[in-house]
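Working notes, structure below.
Rule-based calculations on the coordinates, nothing more; no lab input. Computed from a predicted structure; not experimentally measured. Because the Cβ atoms are built from the backbone with ideal geometry, glycine has one as well, and the counts that use them run over all protein chains shown.
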């Protein structure tokens, strides 16, 4: 049996929604268990007093990357069928700035705002309402934004293609960066936790 | 339930494991498969059993009574495709077919002018591991002769001729012994509407590529 299962026709569009629901619940569970249901913990990332967001996200990237590579190598996943989203450089940069600003102001990203509201946190609920309002606003204004939304299209590409390196070497460099990053994160945390200018201590 | 790993020793083991998997990946080669191993006996058997193609009449029936979903692919050049193509056909040239993403179990029906290019495309897609790939026997030439402008067999009954005429008219053609008197007969209008509806439906349900 080969993955991706949807691409191989093992289930259709309707069942894929069930899979999405189960995956979403799993994702939310692990976000909550990682402590991402707390706006304080998430905001602490920006003040460098708690690097959990960095560590969890980078761990997820490394795990998924190594898993995808080696499962493909073993013939269990068809690497060519894994979706690579296309890059629209300028709109995505602008989107990233809006996303980051909202994140640092509200203390939550879209996923974590759902996690926080499901555990009854009022600030999470406010962020969730803001997110839904943003989606509605974007949808209604899409005709005005459409040309910008589709601008600076660069197609779908991967990091090895950009760097001109093999997939294996790119992966190794990312793993080395991750391990180095985790070690640096521990030191940064220790330094800023003990600092007198900790704004959310 | 606390899922946090507290043990520094376990963290070190996980870090070393990740580094080892990353290091060995350098020597593992690319997981993208651009070279394939073909089962030539299986391919020969498919061709011998004539399971590699559909007839123009079968294709016409598949389009008129779409019980299942399939994608019809025109592998001729883009100019020929723009001049005429079988209703619902997408255009992909051979180079694009080598890299375009299809679902592995998707049914693909390929045609070219005479059939040679479609057969080459069939082989190429089979080599990529796609299972349900077929060509249209005789290509567009046989489609024209059998579906679009069919010549009724000698001694064919009126019902058989009517059936051929109905199919031809559906696709905008006519029976060679019943050339159209006017382009705006009720029958041709009806067929034209059917065809437009079919084209619109195909366009709506087509996967983006």
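What pairs come out if I take residues in segment B:155-166 that are under 14 Å from residue B:177 (Cβ atoms) and pair them with residues that are assigned to a helix (DSSP H, G or I) whose C-beta lies under 8 Å away, six or more apart or interchain?
From segment B:155-166, the pairs are B:156/B:164.
Scan (1) within 14 Å of chain A (Cβ to nearest Cβ); (2) outside any loop (DSSP other than H, G, I, E, B); (3) loosely packed, with under 15 Cβ neighbours inside 10 Å for the single condition residue B:100 breaks and write down its number.
Looking at each condition in turn, residue B:100 falls short on (2).
Out of A:36, A:30, A:54, A:58, report the one residue that is under 15 Å from the mean Cα position of the chain (by Cα), closer than 25 Å to residue A:182 by Cβ and not in a helix (DSSP H, G or I). Reasoning before the result, please.
Values: A:30 fails: not in a helix (DSSP H, G or I); A:54 fails: not in a helix (DSSP H, G or I); A:58 fails: not in a helix (DSSP H, G or I).
Of A:36, A:30, A:54, A:58, the one residue that is under 15 Å from the mean Cα position of the chain (by Cα), closer than 25 Å to residue A:182 by Cβ and not in a helix (DSSP H, G or I) is A:36.
Could you check segment A:8-32 and list, in sequence order, the residues that are under 18 Å from residue B:102 (Cα atoms) and touching a residue at least 60 places away in the same chain (Cβ under 8 Å)?
A:8 - this is the single residue of segment A:8-32 that is under 18 Å from residue B:102 (Cα atoms) and touching a residue at least 60 places away in the same chain (Cβ under 8 Å).
Looking at A:111, A:155, A:120, A:139, can you tell me which residue is in contact (Cβ under 8 Å) with a residue 24 or more places away in the chain and exposed (fewer than 11 other Cβ atoms within 10 Å of the Cβ)?
Unique residue meeting the criteria: A:155.
Just checking, which of A:164, A:168 is more than 20 Å from residue A:46 (Cα to Cα), within 14 Å of chain B (Cβ to nearest Cβ) and in contact (Cβ under 8 Å) with a residue 60 or more places away in the chain?
Criteria check complete, one pass: A:168.
Considering only residues of segment A:57-83 that are more than 10 Å from chain B (Cβ to nearest Cβ), out of contact with any helix residue (DSSP H, G or I) (no Cβ under 7 Å at 6 or more places or on another chain) and under 27 Å from residue A:113 (Cβ atoms), which is surrounded by the fewest Cβ atoms within 10 Å (Cβ to Cβ)?
Ranking the qualifying residues of segment A:57-83, first place goes to A:64.
Given the conditions (1) part of a helix (DSSP H, G or I); (2) more than 14 Å from chain B (Cβ to nearest Cβ); (3) loosely packed, with under 12 Cβ neighbours inside 10 Å, which single one is not true for residue A:95?
Single failed check for residue A:95: (3).
Do any helices (runs of 4 or more DSSP H) entirely within segment B:104-180 hold 3 or more residues that are within 14 Å of the chain's Cα centre (by Cα) and more than 20 Å from residue B:66 (Cβ to Cβ), and if so, which?
Answer list for segment B:104-180: B:116-127.
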